[in-house]
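Enquirer: Next up is a structure, given as structure tokens.
The values are calculated or read from the model by the stated rules, or taken from the named source; none is laboratory data. Bear in mind the structure is a predicted one, so any value in this text is a computation, not a measurement. Reconstructed Cβ throughout: ideal geometry from the backbone, glycine too, with neighbour counts over all protein chains shown. Please note that ligands, DNA and RNA were not included when accessible areas were found on the heavy atoms of the full protein model with its side chains. Shrake-Rupley method; radii C 1.70, N 1.55, O 1.52, S 1.80 Å.
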Amino acid sequence: GLGFNIVGGTDRQYIANDSSIYVSWIKKDGAAYLDGRLQEGDKILAINGKDLKDLRHKDAVELFRNAGYYVSLKIQRRLQPQNGPVGHRGDGESGGLPLAAILVPGLALAATAVWILLRYRQRM
């Protein structure tokens, strides 16, 4: 399989007043996990060019099952948490900030400080 589960559809709304299809869980070491681009909570807009808008859940599942070996997904990344269910985290993962969210600004600040220090020393 593709290594992930989906939720949503016109008959099983994942988010109130939204019949879109969402990634609910990514199987560790599955195809989607190994590819690394798909994330839990992503909205899937299309699969292999086929729009997923206004589909029942079982019809969306059928499209994924018949997608073939090479699969192209058009997704919309979830930018902020929404009310409602969140992805399954059965392997003990915790929420929180990704390490890059802390390191990148810290490194940028350090680089700026070094640049200012070097410029100041050149003027002396």
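Enquirer: (1) in contact with a Ser or Thr (Cβ under 8 Å, 6 or more places away or on another chain); (2) modelled with pLDDT of 90 or more; (3) open to solvent by 90 Å² or more (accessible area, probe 1.4 Å): which one isn't true of K27, the others all being true?
Expert: In the conditions (1) in contact with a Ser or Thr (Cβ under 8 Å, 6 or more places away or on another chain); (2) modelled with pLDDT of 90 or more; (3) open to solvent by 90 Å² or more (accessible area, probe 1.4 Å), K27 misses (1) alone.
Enquirer: Now for a different question. Count, please, the residues in region 49-80 that happen to be open to solvent by less than 70 Å² (accessible area, probe 1.4 Å) and not small (G, A, S).
Expert: So the count comes out to 11.
Enquirer: Follow-up question, since we're still on this one. Quick check on G87: is it open to solvent by less than 100 Å² (accessible area, probe 1.4 Å), in contact with a Ser or Thr (Cβ under 9 Å, 6 or more places away or on another chain) and modelled with pLDDT under 95?
Expert: Values: open to solvent by less than 100 Å² (accessible area, probe 1.4 Å): yes; in contact with a Ser or Thr (Cβ under 9 Å, 6 or more places away or on another chain): yes; modelled with pLDDT under 95: yes.
Yes.
Enquirer: State yes or no: is Y14 modelled with pLDDT under 95, among the hydroxyl-bearing types (S, T, Y) and within 15 Å of the chain's Cα centre (by Cα)? Steps first, answer last, please.
Expert: On the way: modelled with pLDDT under 95: yes; among the hydroxyl-bearing types (S, T, Y): yes; within 15 Å of the chain's Cα centre (by Cα): no.
Answer is no for this residue.
Enquirer: Is it the case that some residue within region 99-109 is at pLDDT 90 or above and under 16 Å from the mean Cα position of the chain (by Cα)? Break it down into steps so the answer makes sense when it comes.
Expert: Initial filter on region 99-109 (at pLDDT 90 or above): none.
Among the residues of region 99-109, not one is at pLDDT 90 or above and under 16 Å from the mean Cα position of the chain (by Cα), which makes the answer no.
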